[in-house]
């Protein structure tokens, strides 16, 4: 994983270009409906119930990131994911969706919300938050990013792929990893400012925040601002420890590990994050942000 680096000068240059002047390319986008994306969780859940870690891993793209519920280690390779699920499946988990939002873009879809696992072997029940990012690889939808975390109040110890034939073309604005890194740095600076209004300028009107210290998903800008108004009272500073960046048509995903240092209390919290940035025609904004305390 790469260390995050600030490239603020590059980011500042972006707004000075008109859309016509920006490098662009066209991508063919496969049509998909929300119910087509919803069934992908069912496919993943059916794989869980088989008890076979390889069948679960088959739902993930070769290049994908798993930030698991019960492990502080990010899993990148198929072997690492299989090793995690081998232990996770021992207690016979079965999942169900409690609440969700689904967002669809060109060959990308994000399903996020709350889910519950029932472990049939032990009878234990665990509620958690999830973010699945799916991408169309030309033949099927696969998971490229999966961030799962316990609810903050609990921080203690299928089928054939859906085939859509309708297509449309989307103009894709070119962006580099350095420019996305610069967006992350600007978000960090807004956290440091202590001003919730500055933080909110980074989020799209239609966006989802699964916060570090609240079990409630924040869907509206008012909900998010209310959360940050309380969160910023302890003067947090953010340090990016490691991260990866994935670029797609008008979409970028930055995910990894960061540390919060709360200057008012001296508290240090190691956490994981997944952020999805999208181009709205004028600027890049966060449409999905999942933050969770790193499991021990």
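Remarks
- With a cut-off of 19 Å on the backbone N, the residues of the range 37-77 near the modelled label site 7 Å out from residue 244 along Cα-Cβ are 54-77.
- Pairwise centroid distance, computed over Cα atoms, of the range 227-296 with the range 177-192, Å: 9 Å
- With R₀ fixed at 35 Å, the C-beta to C-beta distance from residue 173 to residue 233 puts the FRET efficiency at about 0.40.
- Relative packing of peptides 270-281, 133-144 - highest average C-beta neighbours within 10 Å first: 270-281, 133-144
- Using the Cβ-Cβ distance between residue 269 and residue 97 with R0 set to 35 Å, the FRET efficiency from 1/(1 + (r/R0)^6) comes to roughly 0.80.
- Cα Rg over Rh - the range 231-296, Kirkwood: 1.06
- Shape call, the range 21-140: gyration tensor on alpha carbons, a/c limit 1.5: prolate
- Looking at the chain, the DSSP beta bridges with both ends there are about 90 percent antiparallel.
- Identified option (computed Rg and Dmax of the Cα atoms in Å; candidates [x] 18.9, 60; [y] 18.4, 53; [z] 20.0, 63): [x]
- When you count the other C-beta atoms within 10 angstrom of each residue and take the mean per peptide, 32-44, 251-263 line up highest first as 251-263, 32-44.
- The coefficient of translational diffusion for the range 106-146, derived via Stokes-Einstein from the alpha carbon Kirkwood radius under 20 °C and 1.002 mPa s, stands at 180 µm²/s.
- Helix-only mean residue ellipticity at 222 nm for the chain, each DSSP H run of n ≥ 4 adding -39500 (n - 2.57), per residue, nearest 500: -7000 deg cm²/dmol
- Pairwise label distance in nanometres, residue 120 with residue 226, each label 7 Å out on the Cα-Cβ vector: 4.0 nm
- Placing pseudo-labels 7 Å out from each Cα toward the beta carbon at residue 296 and residue 83 gives an inter-label distance of 2.2 nm.
Readers should treat all values here as calculations from the given coordinates under stated rules, not as data from a laboratory. Keep in mind that this is a model prediction, so the values were computed, not measured. Using ideal geometry, Cβ is built from the backbone for each residue, glycine included, and neighbour counts are taken over all protein chains shown.
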